[in-house]
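The values are calculated or read from the model by the stated rules, or taken from the named source; none is laboratory data. Small disclaimer: the values here were computed from a predicted structure and weren't measured. All Cβ positions, glycine included, derive from the backbone under ideal geometry; neighbour counts span all protein chains shown. The accessibility values were calculated without ligands, DNA or RNA, using every heavy atom of the protein model including side chains. Shrake-Rupley method; radii C 1.70, N 1.55, O 1.52, S 1.80 Å.
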Amino acid sequence: MSEPIRPEDYAEPRCPLCDPKYGEEGMIRPVPQQRIIEKMNEYMSRRDYAGAERHLLYWLEEAKIGRDEGGELLIRNELIGHYRKTGDREKALANCERAIELLDRLDLYGSTTCGTTCVNAGTAMNAFGENERAMELFTKAKKTYESRRDTSPELLGGLYNNMALTCVSLRRFEEAFLYYRKALLQMEQVPGGELEQAITYLNMADAAAAEKGPEEGEGQIGTYLDLAAKLLQTENAPRDGYYAFVCEKCAPAFEYYGYFLDAERLKKEAEEIYERNGARTGVL
């Protein structure tokens with residue numbers, strides 16, 4: 001049974017005397033964004049997808065009732081990622097469209113929030129086969145991120161990695177490897193960026209297999225897998241819910257290419273972390 005939402009997770013209590021009169025819009029009542037994200041991270045550290053969804057949908061309604069479109073945008077971004085992970089195409093894409101609409105309504109184009117939203121939506125579009133639309137969104141994010149001096153290497157690394165994935169889907173392999181190399185250069189600047197580098201090397205192995213085939217690309221694939229395996233054993237990354245998620249995500253790739261010992265090690269590490277965090281089972 002998932003943990004219920006408790007009063008201490010709520011925003012400040014509403015004052016019934018402060019509700020708008022009939023026909024009046026009233027003031028915006030912001031949702032507690034930081035608490036929403038912290039609680040979401042708690043659910044994901046336990047692999048409690050059902051609890052995470054209930055949590056986000058509860059606060060989505062609160063944001064809509066309070067006319068907090070900035071809060072709604074944050075929650076829509078979280079829902080895009082949630083439904084992408086759980087494979088719900090219809091709900092993921094519906095939240096993408098609403099998030100993009102909110103960028104227009106809030107006049108956020110050119111902001112970091114715009115770039116992040118475009119990356120999130122583009123990643124979901126790519127996951128569900130909408131590759132041309134994904135590339136349009138990534139191109140918009142690229143223009144935003146690269147024009148801002150305050151864009152972190154972590155954001156650029158994530159963008160370039162996802163652009164490369166979409167290029168592979170479109171069979172634009174030369175462009176894909178260019179973006180993968182750009183992603184690696186960015187993540188080398190990020191403390192604890194080894195996990196993201198490992199994911200990029202696994203993606204490069206898949207790209208080499210897609211371009212050359214498993215036999216012709218065997219040497220290149222093996223090099224990328226060895227680099228990924230080494231990075232995943234880094235001592236710099238805390239053994240937390242995110243590390244477990246990355247292990248769980250990477251294990252099938254090693255298994256597919258015959259790296260069975262590495263795959264089993266990653267699965268075991270993920271399960272141990274989830275068990276320590278009190279993971280919910282049978283959620284999906």
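Kindly indicate whether ALA92 is of a type in the set (A, V, I, L, M), surrounded by 16 or more Cβ atoms within 10 Å (Cβ to Cβ), closer than 20 Å to GLY158 by Cα and in contact with a Leu (Cβ under 9 Å, 6 or more places away or on another chain). Spelling it out, ALA92 is indeed of a type in the set (A, V, I, L, M), surrounded by 16 or more Cβ atoms within 10 Å (Cβ to Cβ), closer than 20 Å to GLY158 by Cα and in contact with a Leu (Cβ under 9 Å, 6 or more places away or on another chain).
With respect to (1) surrounded by 15 or more Cβ atoms within 10 Å (Cβ to Cβ); (2) in contact with a helix residue (DSSP H, G or I) (Cβ under 8 Å, 6 or more places away or on another chain); (3) under 24 Å from PHE245 (Cα atoms), the lone exception for ALA63 is condition (3). A search for C-beta distances below 8 Å between a residue of region 107-129 that is over 14 Å from GLY70 (Cα atoms) and at pLDDT below 95 and any residue that is in a helix (DSSP H, G or I) and open to solvent by less than 30 Å² (accessible area, probe 1.4 Å), counting only pairs 6+ apart in sequence or on different chains, returns GLY110/THR144. Against the list (1) open to solvent by 50 Å² or more (accessible area, probe 1.4 Å); (2) out of contact with any Lys or Arg (no Cβ under 9 Å at 6 or more places or on another chain); (3) not in a helix (DSSP H, G or I), the condition LYS268 fails is (3). In region 11-25, the count of residues that are surrounded by 14 or more Cβ atoms within 10 Å (Cβ to Cβ) and modelled with pLDDT under 90 is one or more. The sole residue among LEU102, LEU108, LEU170 that is over 29 Å from ALA244 (Cα atoms) and in contact with a Cys (Cβ under 6 Å, 6 or more places away or on another chain) is LEU108. Can you report the number of residues in region 105-153 which are closer than 17 Å to LYS182 by Cα and touching a Phe, Trp or Tyr at 6+ places or on another chain (Cβ under 6 Å)? Number satisfying all stated conditions: 1. Checked against (1) surrounded by fewer than 20 Cβ atoms within 10 Å (Cβ to Cβ); (2) modelled with pLDDT of 95 or more; (3) farther than 21 Å from GLU97 by Cβ, ASP150 meets all criteria but (2).
So that you can scan it fast, the table gives a plain yes or no per residue for (1) touching a strand residue (DSSP E or B) at 6+ places or on another chain (Cβ under 9 Å); (2) hydrophobic (A, V, I, L, M, F, W, C); (3) open to solvent by less than 40 Å² (accessible area, probe 1.4 Å):
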position: MET204; (1), (2), (3): no, yes, yes
position: LYS212; (1), (2), (3): no, no, no
position: GLN233; (1), (2), (3): no, no, no
position: GLY241; (1), (2), (3): no, no, yes
position: CYS250; (1), (2), (3): no, yes, yes
position: ALA263; (1), (2), (3): no, yes, yes
position: GLU275; (1), (2), (3): no, no, no
position: GLY278; (1), (2), (3): no, no, yes
